[in-house]
Amino acid sequence: MLSWVRDSSGLVGWGCAARLDVSGRDRFSQADAWWRELCHQFEVEDSVGLPGCGPVAFASLAFADEPGDSVLIVPEVIIGQRDGVRWITTIGDGSAEPQQPEPVHPPGTVSYSDGQLSATGYRQSVVSRQSVAEAVRRMRETGDLDKIVLSHDLLV
């Protein structure tokens with residue numbers, strides 16, 4: 001069972017109509033090509049017309065290239081709600097049986113602490129400033145970057 005819920009909107013899916021396991025440096029482009037090809041194969045009847053109707057892929061995409069293990073799953077059945085409207089999407093013949101959900105237990109206490117550098121220390125570090133300067137230079141001069149995301153470690 002897969003779910004995405006935020007505020008009063010969300011999707012819950014079960015079964016597996018399609019799955020892609022992908023890894024490595026080109027995982028995003030492989031996932032994009034797979035999804036586009038898969039969508040061309042679907043015949044969609046959508047009387048609701050809201051985002052999330054029709055085929056949906058739940059994805060877990062790795063941030064780093066290595067190991068870079070990522071997965072996309074298209075459930076056989078999806079129940080959705082947005083703006084007070086509810087719908088059911090079925091892929092295939094719709095024969096996937098609902099699964100009994102496992103009870104959700106609170107995660108317990110979660111504590112956070114600084115990794116190698118505190119957030120303030122990272123923002124003030126020479127490495128951070130050099131990384132930003134280099135990224136900005138490459139964006140302006142070569143155009144080979146569209147976006148950068150700088151991060152530091154945090155212990156949970």
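Out of everything in region 65-91 that is part of a loop (DSSP other than H, G, I, E, B) and under 17 Å from GLU45 (Cα atoms), what residue ends up being modelled with the lowest pLDDT?
Only one residue fits best here, namely ILE91.
If you scan region 131-156, which residues turn out to be open to solvent by 70 Å² or more (accessible area, probe 1.4 Å), farther than 21 Å from ALA64 by Cα and of a type outside the set (Val, Ile, Thr)?
ARG137, ARG140, GLU141
Looking for something modelled with pLDDT of 85 or more, within 23 Å of the chain's Cα centre (by Cα), assigned to a strand (DSSP E or B) and farther than 30 Å from ASP26 by Cα - is there at least one such residue anywhere in region 101-117?
There is no residue in region 101-117 that is modelled with pLDDT of 85 or more, within 23 Å of the chain's Cα centre (by Cα), assigned to a strand (DSSP E or B) and farther than 30 Å from ASP26 by Cα.
Scan region 38-64 residue by residue and report those that are modelled with pLDDT of 90 or more and among the hydroxyl-bearing types (Ser, Thr, Tyr).
Selection gives SER60 alone.
Give region 137-156 a look and list any residue that's at pLDDT below 80 and closer than 15 Å to THR120 by Cα, or say none.
Correct list: LEU150, SER151, HIS152.
State which residue pairs qualify: first residue within 23 Å of LEU117 (Cβ to Cβ) and inside region 139-156, second residue among the charged types (D, E, K, R) and open to solvent by 70 Å² or more (accessible area, probe 1.4 Å) in any location, beta carbons under 8 Å apart, and separation of 6 or more residues or different chains.
These pairs meet every condition: LEU154/ASP114; LEU155/ASP114.
Which pairs turn up if I take residues in region 110-130 that are touching a residue at least 24 places away in the same chain (Cβ under 8 Å) and look for partners that are β-branched (Val, Ile, Thr) with beta carbon separation below 6 Å, at least 6 apart in sequence or on another chain?
TYR112/VAL156
Only residues that are open to solvent by 70 Å² or more (accessible area, probe 1.4 Å) and assigned to a strand (DSSP E or B): list them for region 9-38, please.
Selection gives ARG19, ASP21.
Are any of the residues in region 47-64 over 30 Å from HIS152 (Cβ atoms), among the hydrophobic types (A, V, I, L, M, F, W, C), open to solvent by 60 Å² or more (accessible area, probe 1.4 Å) and out of contact with any Asp or Glu (no Cβ under 7 Å at 6 or more places or on another chain)?
no
Which condition does ALA96 not pass, out of (1) at negative phi; (2) of a type outside the set (S, T, N, Q); (3) out of contact with any strand residue (DSSP E or B) (no Cβ under 8 Å at 6 or more places or on another chain); (4) modelled with pLDDT under 80, if it passes all the others?
Of (1) at negative phi; (2) of a type outside the set (S, T, N, Q); (3) out of contact with any strand residue (DSSP E or B) (no Cβ under 8 Å at 6 or more places or on another chain); (4) modelled with pLDDT under 80, only one is false for ALA96: (3).
The values are calculated or read from the model by the stated rules, or taken from the named source; none is laboratory data. No experiment lies behind these values; they were computed from the predicted model shown. Neighbour counts are summed over all protein chains in view; Cβ atoms, including those assigned to glycine, are modelled from backbone coordinates with ideal geometry. SASA here: full protein model, heavy atoms, side chains in, ligands and nucleic acids out. Shrake-Rupley method; radii C 1.70, N 1.55, O 1.52, S 1.80 Å.
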